[in-house]
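Laboratory data are not the source of any read-out in this text; all were calculated from the coordinates shown. For clarity, every value in this text was computed on a predicted model and none was experimentally measured. Don't worry about glycine lacking a Cβ; one is built from the backbone with ideal geometry, like all the others, and counts go over all protein chains shown.
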Amino acid sequence: MRGRYDPTTPHRLSVDLTPPNHPLRASHALHDHAAAVRIPAPRALLLIATVVALASCARPRALQTITGLAQGTTYTLQWWSEERVDTRALSAAVTAELERLDALLSNYRSDSTLERFNATRSVDPQAMPSELVSLFELAADIHRRSDGCFDPSVRPLVRLWGFDGDEPHVPPADEIAATLARVGFDKLELVDQAHVRKAQADLEIDMASIGQGYTVGRISEVVEGLGLRNYLFEIGGELAGRGTRPDGKSWRVGIENPDKVDAPVRALSLPADRLTAVITSGSYRHNFTDHERVYGHILDPRTGRSVEHDLVSVTVTGDIAARTAAWGTALLCLGPAHAFDTADREQIAAVFILKTPAGFEVRQSKAFGDSWGQAGGSSPTH
């Protein structure tokens, strides 16, 4: 999505194909554009699928992998089936859906549906695909529930801070104030399921914080429609899976430890009977220094400034990938106290990593403990 949907290299989620007691880490994909940003690289979108299989029909019980480049990052589909599956048809279907979503949601290609909307300076109702209107509805819901910390209209601030290029910087206070006048998701009116209207003509929307999560969910629907019941799909570190590995054991995912990348703070065994998304937002690797002060890439759309708190990573799990992704961004923006309260109020399964004088501390929401069978509370990383 977006000529480069910007999942920059830091922070990626990975799946473990080694024995279950050695889960790979999850290093948080930066999917934080609505209340934060990702740093794009100036290169065109690539969609190159490689099917790792010896024949067009995969052999039952063998682990198969389809890999490629899309949305400015890598993607991997790992799967197996009791029945023979045409891997070429599967790969073509995945590629076609990635291309379709890019044409719908990209902020880095002027011909995408979203960018054509952004370029239209009008307060008249505009026709919009119902699929995109539904994503706007989801964004509006999270916007309200997060006290405005989740806000896909933050795009002008991203440009102002230089987070859409290679030279981020602290902008003057008067420019921040002027740009804030263009920000506010409540300035987008959802007229009906096929039309939206800008209350302010220069409003611009950036769906990056939902987009890759939505992609994960859509690819899951595509492969299930082709008969897969045991698979794990990952793009830019955001993933979702169902079923088991060929040996009957769970897909395992780890949440990266900022101190020790080879020792995840949590290892998750995904349930076999339902789709589960695992999506992480993180800020501890991506920042810049100005006059001896460190500024993270997470922008609070309510103040127009880089957030200043000790919450550096949020991992959210859920059955709706787009919603899971949006909450990861929202909670990271909110900061520790508000994020903890919000996660419990909204029953969000989340793991938080905080930076403290003594090191990194891990906390989790009540819903996470209920979902994954682990005690709540906090603990230091080791």
*asked:* With θ taken as phi - 60° and the coefficients 6.51, -1.76 and 1.60, list the Karplus ³J(HN,Hα) couplings across region 88-103 in order, rounded to whole Hz; mark glycine and proline as x.
replied: 5, 5, 4, 4, 5, 5, 5, 4, 4, 5, 4, 5, 5, 5, 4, 5
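Hey, fewest Cβ within 10 Å first, where do 206, 124, 141 land in order? The partial results should precede the final answer.
Working: 206 27, 124 9, 141 13.
Fewest to most other Cβ atoms nearby, the residues stand as 124, 141, 206.
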*asked:* For residue 198, give me every one of the lysines with a C-alpha distance below 30 angstrom, ignoring sequence neighbours fewer than eight places off in its own chain.
replied: 187
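Rank the residues 283, 371 as a footprinting-exposure proxy: fewest other Cβ atoms within 10 Å of their Cβ go first.
So the residues, fewest neighbours to most, are 371, 283.
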*Label region 202-264 by shape, choosing from rounded, prolate and oblate, from the square roots a ≥ b ≥ c of the eigenvalues of the Cα gyration tensor; if a/c is under 1.5 it is rounded, and otherwise prolate applies when a/b is larger than b/c, oblate when it is not.*
oblate
*Spatially proximal aspartates and glutamates relative to residue 355 (Cα-Cα < 17 Å; intrachain offsets below 8 disregarded)*: 256, 259, 308, 310
_In order through region 142-157: 3J(HN,Hα) via Karplus (6.51 cos²θ - 1.76 cosθ + 1.60), integer Hz, x for Gly, Pro_ = 5, 4, 5, 6, 9, 6, x, 6, 8, 8, x, 8, 6, 3, x, 5
